[in-house]
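A quick write-up on the structure given underneath.
We did not get these values from a lab; they are worked out from the coordinates using the rules stated. Since this is a predicted model, take the numbers as computed values, not measurements. Neighbour counts are summed over all protein chains in view; Cβ atoms, including those assigned to glycine, are modelled from backbone coordinates with ideal geometry.
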Amino acid sequence: MMAMSEESEEKEMYLRAHEQGKERLIAVCDCEILGRRFSEGQLRLDVSPDFFGCEKASRVEVEAALASATMANFAGQKAVLYAISLGYVEEDNVLSIDGILCAQMVRM
């Protein structure tokens, strides 16, 4: 079993920052869903490397990036549950598209 500090350093999500003017959008997704598309009814989720990036990040790095975010998109169970645990997303605001959790955060 891994110690908590080792677990928090494991790079299990992809992270990408998009900046335009004063806006800073952080995109975070689980590693195993990058490059995949999901759909359910009218809902679509494209976990594109162009948007979510190709840089793996640890939970510590994700938390640091979110501290300065004005907006954030999360895709995948690890990413969404971590966002909830940090208080960025409320469980009631999480969508599931073809079994994949996704959520957004906007800081006003």
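Things to note:
- Hydrodynamic radius (Kirkwood) for the chain, which is based on Cα pairs only, to one decimal in Å: 14.0
- Point-to-point label distance, residue 46-residue 90, nm (Cα→Cβ direction, 7 Å offset): 3.1
- Taking the square roots of 5 times each eigenvalue of the Cα gyration tensor of region 52-108, largest first, gives ellipsoid semi-axes of 17, 14, 10 Å.
- The distance between label points at residue 106 and residue 10 comes to 3.5 nm (points 7 Å beyond Cα on the Cα→Cβ vector).
- Potential extension, residue 60-residue 77 segment - 0.36 nm per residue separation minus Cα distance: 4.4 nm
- For the peptides 64-71, 99-106, the ranking by packing is 99-106, 64-71, with the highest mean count of neighbouring Cβ atoms within 10 Å listed first.
- With helices as the sole contributors, the chain gives -7000 deg cm²/dmol at 222 nm; each DSSP H run of n ≥ 4 counts as -39500 (n - 2.57), and the sum is divided by every residue.
- Comparing mean-square fluctuations of 61, 12, 40 from a GNM of the chain with C-alpha springs under 10 Å, the top value falls on 40.
- The charge dipole of the chain, taken about the Cα centre with unit charges on the Cβ atoms of Lys, Arg (+1) and Asp, Glu (-1), comes to about 340 debye, rounded to the nearest 20.
- Where trypsin sites (Lys or Arg not before Pro) in DSSP loops with at most 12 other Cβ within 10 Å are excluded, longest remaining stretch of the chain: 23-106
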